[in-house]
Amino acid sequence: MPTIRQLPQSVVNKIAAGEVIERPASVVKEFIENSVDAGASRVEVTVEQGGVDLVRVADDGTGMSADQLSLAVASHATSKIASAEDLFRVGTLGFRGEALASIAAISQLVLRSRTADADAGYELIVNGGLQEGPAPCGCPVGTTVEIRNLFFNTPVRRKFLRTTQTEMGHVTEAFTRIALAFPRVHFLLRHNDRTILDLAPHESWRDRIAMLFGDELAESLIWIENKEGDVDLSGYVADPSQSRANNRMQYLFLNGRHIRDRSLQHALGEAYRGLLMTGRYPIAFLRIEMSPEQVDVNVHPTKLEVRFQDGGRIYSQLLGSLRNKFLTTDLTARHPGQGVPSSMATQTETTIATFDQGQAAEARREISAWAGAEAFRHTDATAESQVDRQGRMDLIPQPRSHQLPGGPSSLPPDHSGIPRTTEEQASVPLGAPPAMQIHNCYLITECADGIMVIDQHALHERILYEQLRDKVLGGSVETQSLLVPEPVNLTPQEAAAVLDARETLHEMGIRVEPFGGDTVLVAGYPAMLANINPAELLRQVVDLLLDGGPGPHRRDILDELLHMVSCKAAVKAGDRLTPEEIQALIDERRLVQDSHHCPHGRPTTWIFSRQDLDRKFGRI
Ligand code: ADP
Ligand code: MG
């Protein structure tokens with residue numbers, strides 16, 4: 001029979017350290033959090049070799065008295081909670097009372113501290129768990145805690161450490177998260193005697209964000225504020241012109257603590273659907289303040305993840321506030337002074353090529369959320385102008401009806417109408433700017449503060465998408481009935497999926513009927529898709545239905561269909577447009593809710609400001 005024995009405290013501490021202290025950055029996080037909890041207004045972090053050789057954090061907080069010093073490094077000793085009930089109203093970053101004890105068990109730790117009313121400070125040394133002191137020492141008010149040789153007695157952990165550069169990256173990230181949460185505290189980060197970050201105290205959050213991530217990003221930030229019940233949401237999200245290839249620039253702070261929350265990250269992604277390109281993630285700095293009783297922060301050893309009592313409500317609050325904000329914000333992509341980022345240019349081209357080859361599976365996944373409830377309500381309010389739109393859209397022809405040959409050079413001179421002199425320009429009413437088509441792909445036109453370059457396919461697709469969406473909602477999609485319904489042979493699984501989605505398809509103007517066996521009849525298709533082959537359309541619908549995974553939401557399918565149909569019906573890159581068609585597109589641009597992005601999130605329009613042009617030509 002195996003014998004059960006109580007583990008010695010040193011082993012317990014090492015086990016705890018294994019959970020909480022993964023790498024030097026974890027130590028940095030715990031120490032800085034303690035400084036913030038101690039009310040520090042200045043926190044200096046010094047690191048050597050990515051924190052493997054040394055981590056020192058010095059603060060000007062409350063400090064500790066001699067008797068408190070030994071308690072600080074004892075396990076499960078904390079000044080922050082006293083009872084189990086307190087766990088449900090934690091107002092500090094720390095509360096587990098484990099960090100110092102476990103870090104001291106796997107490193108050589110020196111703790112120096114002095115309170116404001118003490119004549120001198122005290123020093124406590126812990127070497128791999130063995131304690132010396134506290135002994136008096138000279139030091140300023142506050143606390144300095146320092147460790148050397150992290151993991152010196154846990155060789156396995158030590159082996160997992162990465163290069164200095166990688167570890168320093170993690171340290172900087174840990175530092176940044178706390179520095180972001182507390183802009184009024186002065187934070188300093190030094191690595192191998194070099195100052196990496198010196199963040200003076202800031203009143204405004206935007207200033208701190210600018211210090212950490214640069215002015216360009218800070219200037220693109222959009223303020224969000226919303227209070228629902230006792231949940232207060234506030235902060236910044238970046239204009240869609242700024243995005244990242246991963247979601248690491250999504251900083252969420254719950255009552256001052258940095259958290260990661262999949263559901264809220266998902267809400268962010270949803271809010272930006274249709275505004276960002278595939279594979280790009282929004283940037284956000286958001287604070288959620290709520291009563292601590294409504295959230296459990298004790299579900300994760302480093303408290304990175306939390307559990308909300310009503311996660312669904314916070315999800316909708318975040319999504320709703322962002323959507324409302326975007327509906328009232330001008331998100332047109334601005335041409336940055338240094339030129340269009342080349343990554344943007346290449347991605348745009350690739351996307352067009354993909355659509356043209358009919359392989360829009362990836363794009364289809366990028367469903368726009370603008371068909372969501374909020375957007376619908378907004379649409380109702382502008383119903384009048386919607387009616388007005390329908391007629392004039394006829395000016396924009398269906399695909400393939402205008403695929404004239406000819407490159408840019410064959411453009412007749414009077415197609416352009418773009419004024420060439422300043423005198424002419426002055427006479428152009430800004431309300432009705434003329435435009436020219438270049439490379440059979442882009443439209444160029446004047447706008448109030450510069451020139452606009454429009455991607456004809458992306459813009460048309462957005463226009464059709466919004467119009468079609470309105471019609472679907474109004475139950476008025478026009479169906480082109482087939483005199484002879486076309487039979488299409490499918491697999492049993494495909495046929496079942498199509499027939500299951502029959503009503504949704506009907507809403508989109510696609511009519512299908514069972515024909516016995518696994519054959520399905522296409523009886524009608526959206527009138528918008530004048531020249532489409534019905535069988536081909538059904539094949540695409542099948543792909544879309546089967547791609548959707550198990551039990552996709554009806555609205556999502558509808559939205560995917562909306563995308564597919566508008567993409568198919570829109571003019572393509574390479575299509576030559578008549579002056580009337582160009583004019584119609586530009587006129588329509590003003591009427592759509594989001595004329596800045598195609599439903600797949602590519603920008604439809606870039607603006608090159610007059611000021612940029614003047615600068616480039618040396619006028620200013
Ligand atoms: P916790 O932060 O969860 O309470 P720690 O092990 O991190 O646990 O710290 C234990 C205690 O030591 C804290 O509760 C606090 O009272 C004290 N302490 C730690 N660091 C500091 C500091 N920088 N300034 C003042 N007190 C500190
Ligand atoms: Mg702590």
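The values are calculated or read from the model by the stated rules, or taken from the named source; none is laboratory data. What you are looking at is a predicted structure, and each value in this text was computed from that prediction instead of being measured. Here the Cβ is made from the backbone with ideal geometry for all residues, glycine too, and neighbour counts use every protein chain on show. Heavy atoms of the whole protein, side chains included, go into the accessibility calculation; ligands, DNA and RNA do not. Shrake-Rupley method; radii C 1.70, N 1.55, O 1.52, S 1.80 Å.
So how far apart, in nm, are the two label points at Asn127 and Trp223 if each is 7 Å from Cα heading toward Cβ?
Here the modelled spin labels are 5.6 nm apart.
Taking the convex hull of the alpha carbon atoms in the range 135-226, what volume per residue do you get, in Å³?
Spelled out: Cα convex hull of the range 135-226, divided by residues, is 191 Å³.
Mind checking which lysines have their Cα closer than 22 Å to the Cα of Lys471? Skip sequence neighbours fewer than 8 apart in that chain.
Lys471 reaches Lys568.
Testing the spin-label approximation: label points 7 Å from Cα along Cα→Cβ at Val11 and Arg262. State their distance in nm.
3.5 nm
I'd like the carbon and sulfur percentage of the solvent accessible area for the range 21-138, probe radius 1.4 Å, heavy atoms only, ligands and nucleic acids excluded.
Values: 2360 of 4830 Å².
C and S fraction of accessible area: 49 percent.
Pull up all non-local amide H partners of Gly235: gap of 5 or more, or a different chain, and H-to-H distance under 5 Å with H placed in the peptide plane.
Counting only residues 5 or more places away or on other chains, the set is Ile224, Arg287.
So how far apart, in nm, are the two label points at Cys137 and Met1 if each is 7 Å from Cα heading toward Cβ?
For Cys137 paired with Met1, the spin-label model returns 5.0 nm.
Please give the contour-minus-distance gain from Leu197 to Glu513: 0.36 nm per residue of separation, less the Cα-Cα distance, rounded to one decimal in nm.
Numbers: separation 316, 0.36 × 316 = 113.76 nm, distance 6.63 nm.
Extra length from Leu197 to Glu513 when fully extended: 107.1 nm.
Would you mind telling me the share, in percent, of accessible area of the range 525-620 contributed by carbon and sulfur at probe 1.4 angstrom? Show your work: numbers first, answer last.
On the way: 1970 of 3750 Å².
Reported share for carbon and sulfur atoms: 52 percent.
Compute the label zone of Val156 within the range 1-45: residues whose backbone N is under 18 Å from the point 7 Å along Cα-to-Cβ.
Residues 7-8, 10-24 fall inside that zone.
For Lys29, give me every one of the lysines with a C-alpha distance below 20 angstrom, ignoring sequence neighbours fewer than eight places off in its own chain.
Lys14, Lys80, Lys303
Under the classification rounded if a/c is under 1.5, otherwise prolate if a/b is larger than b/c and oblate if not, where does the range 1-81 fall, given a ≥ b ≥ c as square roots of the Cα gyration tensor eigenvalues?
oblate
Output the peptides 453-463, 119-129 sorted from most to least packed, where packing is the average of other Cβ atoms within 10 Å over each peptide's residues.
Details: 453-463: 25.5, 119-129: 18.4.
The most tightly packed comes first, giving 453-463, 119-129.
Please give the contour-minus-distance gain from Asn149 to Thr302: 0.36 nm per residue of separation, less the Cα-Cα distance, rounded to one decimal in nm.
Going from the current span to full extension adds 52.9 nm.
Per-residue counts of other Cβ atoms within 10 Å, averaged by peptide: what ranking do you get for 82-89, 41-48, 306-313, highest first?
Working: 82-89: 10.4, 41-48: 20.9, 306-313: 14.5.
Going by the mean number of other Cβ atoms within 10 Å, highest first, we get 41-48, 306-313, 82-89.
Provide the per residue accessible area, probe 1.4 Å, for the range 185-313, rounded to a whole number of square angstrom. If you can, show how the numbers build up before the last one.
Values: 5580 Å² over 129 residues.
It amounts to 43 Å² per residue over the range 185-313.
With a bin width of 5 angstrom, please list the P(r) values of the range 9-195 as percents of all Cα-Cα pairs, from the 0 bin to the one holding the largest distance.
Each 5 Å bin holds this share of Cα pairs: 1, 9, 17, 21, 22, 17, 9, 3, 0.
Around Arg162, with a cut-off of 13 angstrom between Cβ atoms, what is the net charge of the other residues, counting Lys and Arg +1 and Asp and Glu -1?
Numbers: positive: Arg23, Arg157, Arg158, Lys159; negative: Glu22, Glu167.
With Lys, Arg at +1 and Asp, Glu at -1, the net is +2.
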